[in-house]
Amino acid sequence: MLQISILVVHGPNLNLLGIREPQTYGSTTLAQINQNLHQESQRLQVSLSCLQSNHEGDLVDAIHQAQGKHQGIVINAGAYTHTSVAIRDALAGVDIPTVEVHLSNIYRREEFRHHSYIAPIAIGQISGFGANSYLLGLQALVNYLQSQGD
Ligand code: DQA
């Protein structure tokens, strides 16, 4: 059986994790999050690639390039969650099962963060568990993909 491959996409400002508003986003760096994800992917026996960009078009390109390469996407689109029809359309266009994750609980924050363009085209959303949101998102996605394969 071919190994499942997952793409993790981090959007704008997430490269600053660790120093950025630690009261909201915690003190775990992006490198640590990626390392934890790689460890978890080994336990789940899936392959995993991570990328981060501050540029909307680069994120759209990365999603397009996932076609034929990755079977699932975990995405934290950062602020683009609340603004980007282009990222939503890219995810809908490639039709790769996607889990949306956020470190903070976006529904407990400012009203402009309550709307996600991605949520309606995602399998589901995990929001509010800090760095753990990514691990929970990965587990949920792999579980979903494996149950589709049955
Ligand atoms: C975030 C929430 C967004 O509202 C914010 O713009 C981010 C991070 C989160 O992970 O909690 O950049 O996606």
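Residues in region 97-117 that are closer than 13 Å to VAL9 by Cα and β-branched (Val, Ile, Thr) were compared, and the one that is surrounded by the fewest Cβ atoms within 10 Å (Cβ to Cβ) is THR98. Is it the case, given these coordinates, that VAL99 is more than 10 Å from the ligand (Cβ to nearest atom), in a helix (DSSP H, G or I), in contact (Cβ under 8 Å) with a residue 40 or more places away in the chain and in contact with a strand residue (DSSP E or B) (Cβ under 8 Å, 6 or more places away or on another chain)? No; evaluated as a whole, the condition is false for this residue.
ILE73: surrounded by 14 or more Cβ atoms within 10 Å (Cβ to Cβ), under 21 Å from LEU145 (Cα atoms) and within 16 Å of the ligand (Cβ to nearest atom), yes or no? Here the answer is yes, as ILE73 does meet what is asked.
Among the residues of region 19-37, what is the count of those that are more than 13 Å from the ligand (Cβ to nearest atom), out of contact with any strand residue (DSSP E or B) (no Cβ under 7 Å at 6 or more places or on another chain) and within 18 Å of CYS50 (Cβ to Cβ)? Show your work before the answer.
Taking region 19-37 as the starting set, the residues that turn out to be more than 13 Å from the ligand (Cβ to nearest atom) are 19, 27, 29, 31-32, 34-37.
After this cut, where a residue has to be out of contact with any strand residue (DSSP E or B) (no Cβ under 7 Å at 6 or more places or on another chain) as well, the list is 19, 27, 29, 31-32, 35-36.
Add one more test, that the residue is within 18 Å of CYS50 (Cβ to Cβ), and what stays is 29, 31-32, 35-36.
Qualifying residue count, region 19-37: 5.
Of the numbered criteria (1) among the polar types (S, T, N, Q); (2) within 10 Å of the ligand (Cβ to nearest atom); (3) farther than 18 Å from THR29 by Cβ, the one GLN125 fails is (2). On the stretch given as region 42-70, residues that are in contact (Cβ under 8 Å) with a residue 60 or more places away in the chain, crowded, with 16+ Cβ neighbours inside 10 Å and assigned to a loop (DSSP other than H, G, I, E, B) total 2.
Taken together, the values in this text are just the output of simple stated rules run on the coordinates, not laboratory data. Predicted model only: the values in this text are computed from it and were never measured. Every residue, glycine as well, gets a Cβ built from its backbone with ideal geometry; the counts of neighbours run over all protein chains shown.
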